[in-house]
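For reference, the structure is listed below as C-alpha cells.
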Amino acid sequence: MPDLRSRVMVLLAALTSLRWGELTALRRHDIDLETATVSVRRQHVELDTGKIVTTAPKSAAGIRTVAIPAAVLGPLREFLDLSADDKPDALLFTGGRGGSLRRSNFRREVGWYKAVAAIGMPGLHFHDLRHSGNTLAAASAASLRDLMDCMGHDSVRAAMIYQHTRPRRLARPSLTPSAALSRPSGSRSMTTGNGTLMARRPGRVILAGAFVLVGATGFEPVTPRL
C-alpha cells in the first residue's frame, strides 16, 4: 500500500502540477473519478515548529479544479479502493498513523534519495515533479489561461516562460500529458510502465517504474521542498 500511495502521489504531482502541500491536504471528496478531476481547495503547511496546519492555497488562483490524465486514473482508482478509510472527508494521503503526511517521513518511507539517484537524477526534489506537469501542459499547446489555471497562478509570467521554452519534441497540439506517456517522438521513444520518456531540457522527463520525474527548470521560486 505505501508503494501504491507513493506512485499515485508522484503521478499526480507530475501530471496535474499540484504542489506538495496541496497533495497532502487532498481529501477523498476532492477526487471525482467520473469527471476525472481533482479539486484543490486547501493546502498543508509545515511550520518551523514541526506543526502541520491547513490553510487556503497560496493565492486565489490556487483554488482550482484540474483534469486528471487517463494514465493516472487506473492507479488512483486502485488506491482509493484499497484505502482503509473510505469516508468522503478522509485525507487521501496519510502518514503511518493516519495523520498528516510529513515530507521527512515520505522521503524515508520511499527511499527517495536512493530512488532518484538510481535513475540518474541525484538531487531531484519532489517539487520538481510539478515542473513536468507544467512542461507537458505547455507541450499540449494549452492556452496561456489554461496553463495559469492548471498551475494555480495569478500572474502570467510563469506560464509564459513555459510556453516560450517548451521542448520542440513535445510541442504538438495533440500531445496531452497522457499521450506523452504513450507515443513515440523522433529518435527517442516515449513509453509507459517501466519505460523512459525523454525530451530536451528544460523539461527533461524520465518515467521509471512508479516515478515520473523532471529535472528542475528553475522557472518558479521553490517553496520548502523534498
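The values are calculated or read from the model by the stated rules, or taken from the named source; none is laboratory data. In this text, all values refer to a predicted model and were calculated from it rather than measured experimentally. Cβ: placed from backbone, ideal geometry, glycine included. Neighbour counts: every protein chain shown.
Only residues that are part of a loop (DSSP other than H, G, I, E, B) and under 21 Å from Asp154 (Cβ atoms): list them for segment 23-36, please. Once the filter is applied, which keeps residues that are part of a loop (DSSP other than H, G, I, E, B) and under 21 Å from Asp154 (Cβ atoms), segment 23-36 yields only Ala25. Among all positions in segment 122-132, there is at least one residue which is over 19 Å from Leu23 (Cβ atoms), not assigned by TED's automatic domain parsing to the domain that holds Val8 and not basic (Lys, Arg). Exactly one condition in (1) crowded, with 22+ Cβ neighbours inside 10 Å; (2) within 28 Å of Leu47 (Cβ to Cβ) is not met by Gly99; state its number. With (1) crowded, with 22+ Cβ neighbours inside 10 Å; (2) within 28 Å of Leu47 (Cβ to Cβ) applied to Gly99, the lone miss is (1).
Where residues in segment 1-57 are of a type in the set (Lys, Arg) and within 19 Å of Arg107 (Cα to Cα), which of them is surrounded by the fewest Cβ atoms within 10 Å (Cβ to Cβ)? Talk me through it step by step, then tell me what you get.
We begin by selecting, within segment 1-57, every residue of a type in the set (Lys, Arg); these are 5, 7, 19, 27-28, 41-42, 51.
Within this subset, residues satisfying the condition of being within 19 Å of Arg107 (Cα to Cα) are 5, 7, 19, 51.
Values: Arg5: 20, Arg7: 20, Arg19: 24, Lys51: 9.
Selected residue: Lys51.
Being in a loop (DSSP other than H, G, I, E, B) and in contact (Cβ under 8 Å) with a residue 24 or more places away in the chain, is that true of even one residue in segment 3-16? Looking for residues that are in a loop (DSSP other than H, G, I, E, B) and in contact (Cβ under 8 Å) with a residue 24 or more places away in the chain, one finds none in segment 3-16, hence no. When Ala115, Ala56 are checked against the criterion of being touching a strand residue (DSSP E or B) at 6+ places or on another chain (Cβ under 9 Å) and free of Cβ contacts under 8 Å to residues at least 24 places away in the same chain, Ala56 stands alone in meeting it. Entry remark, segment 59-68: residues being assigned to a loop (DSSP other than H, G, I, E, B) and either of a type in the set (D, E, K, R) or surrounded by fewer than 11 Cβ atoms within 10 Å (Cβ to Cβ) (or both) number 0 in total.
Whether any residue in segment 129-141 is modelled with pLDDT under 90, part of a loop (DSSP other than H, G, I, E, B) and not charged (D, E, K, R) is what I want to check. Explain how you work it out, then say what you get.
Going residue by residue through segment 129-141, those that are modelled with pLDDT under 90 are 129-141.
Retained after the next criterion (residues that are part of a loop (DSSP other than H, G, I, E, B)): 140-141.
Checking which are not charged (D, E, K, R) leaves us with 140-141.
Within segment 129-141 (the criterion being modelled with pLDDT under 90, part of a loop (DSSP other than H, G, I, E, B) and not charged (D, E, K, R)), the answer is yes, since at least one residue qualifies.
Let's see how each residue does on (1) of a type in the set (Asp, Glu); (2) under 22 Å from Asp149 (Cα atoms); (3) assigned to a loop (DSSP other than H, G, I, E, B); (4) within 17 Å of the chain's Cα centre (by Cα):
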| residue | (1), (2), (3), (4) |
| --- | --- |
| Gly21 | no, yes, no, yes |
| Val38 | no, yes, no, yes |
| Asp48 | yes, no, yes, no |
| Thr54 | no, yes, no, no |
| Pro57 | no, yes, yes, yes |
| Ala71 | no, yes, no, yes |
| Glu78 | yes, no, no, no |
| Asp86 | yes, no, yes, no |
| Arg107 | no, no, no, yes |
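Against the conditions (1) in contact with a Gly (Cβ under 7 Å, 6 or more places away or on another chain); (2) surrounded by fewer than 21 Cβ atoms within 10 Å (Cβ to Cβ), Gly152 satisfies every one except (2). When you check Thr16 against the structure, is it over 16 Å from the mean Cα position of the chain (by Cα) and among the hydroxyl-bearing types (Ser, Thr, Tyr), yes or no? Taking the combined requirement at face value, the residue does not satisfy it.
Applying the selection to segment 142-165, what residues are of a type in the set (Ser, Thr, Tyr), assigned to a loop (DSSP other than H, G, I, E, B) and at pLDDT below 75? Listed by number, the list holds a single entry, Ser155. Applying the set (1) farther than 17 Å from Glu46 by Cβ; (2) of a type in the set (A, V, I, L, M); (3) crowded, with 18+ Cβ neighbours inside 10 Å to Ala84 leaves exactly one unmet item: (3). What about Ala71, is it more than 24 Å from Gly96 (Cα to Cα) and buried (at least 17 other Cβ atoms within 10 Å of the Cβ)? Yes.
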